[in-house]
Amino acid sequence: MATKIRTISRRALTKSIKAWFKRNSKVFTVWIPILVGIVGLTVTIISTYFKEVVEPRRQPATLCVTSSLKEISKTDQLTAVQVTINMKNSSTQKVIVLDSWFNVSGIEITPRENPPNDTKFADEINQIIVNGASSLDHVYRYSQEKNNALITGGLLLDKTWYFDPGEETSANFVVYVPNGKYQLLRLYSNITLSKSDEVEVEREKSQTQQDQKVKKEDKDLEPAFYDVKPKCLLWRFHCRSQRVRLDPGTDRFVRYGIANTHSVSELGLSPAVSTASSAGSPK
């Protein structure tokens, strides 16, 4: 008798479940697929938004810079050198140039007295790696730099310059150097960038100063950035100017995408033309 009651109970439960599914069949055949589609679309929209909007905002401004020096002609007194600096915005965002400059230096190279052995020279290289502050910190085994002198320098781009995505440009000019005075030319270019035109930069350091070996603890020699975006109230009905210093690593500094890039190029100059040898020996 108990077994029969349990069988009837199972049949009743099964019948009620089938009836419930039949009454709500529209939910499973129509609304659930729609809900799944809406959820999938929402996830796709959110993912695209983070990929196309949020992540680019967190990335710094990007600019590829390459430079070169090429000796093109020589007279009795001067050597002409072609200077080329190529710049390209390889990112998908507009890049604002906050500050840009270059300089070319002539360097006398002399032999190094008593070149070190392998062990001592390895120690010198390790010291440069540990204590060096710039990409210009080098050590040479058989030569040494002497009398580093500026030959030319100045602005690289207009102060209102910006790069659209994929845009590129180049600076080309000629520098004349006295024959035989320098054995090496060094081109240094420096560009400070941002993704916003509401940022200004000030440099306490001389822009034509060739020595880039700045002590890290000397903050006064580093560029200072300022947010000059107007502060507005009541939906921009009332705005007032402001000037807020931006410290590296802060959220606003990162959001503006402030970055710096530089390029260094060197050229060894050929010896001066000898007038006597070029004229030939008298017969």
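Bear in mind these aren't lab numbers, they're just calculated from the coordinates by the rules spelled out. Please read these numbers as outputs of a predicted model, since none were measured by experiment. A quick note on method: Cβ atoms are made from the backbone with ideal geometry, for glycine too, and the neighbour counts reach across all protein chains shown.
Below are the figures for this structure:
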| read-out | value |
| --- | --- |
| Note, ³J(HN,Hα) from phi for the range 191-197, Karplus 6.51, -1.76, 1.60, rounded to Hz, x at Gly and Pro | 9, 10, 10, 7, 8, 10, 8 |
| Using θ = phi - 60° and Karplus 6.51 cos²θ - 1.76 cosθ + 1.60, couplings along the range 135-151 (whole Hz; Gly, Pro as x) | 5, 8, 7, 10, 9, 10, 7, 10, 9, 8, 7, 8, 6, 6, 10, 6, 10 |
| Virtual spin-label span in nm between residue 141 and residue 82, 7 Å along Cα→Cβ | 3.4 |
| Kirkwood Rh and Cα Rg combined as Rg over Rh, evaluated for the range 68-132 | 1.15 |
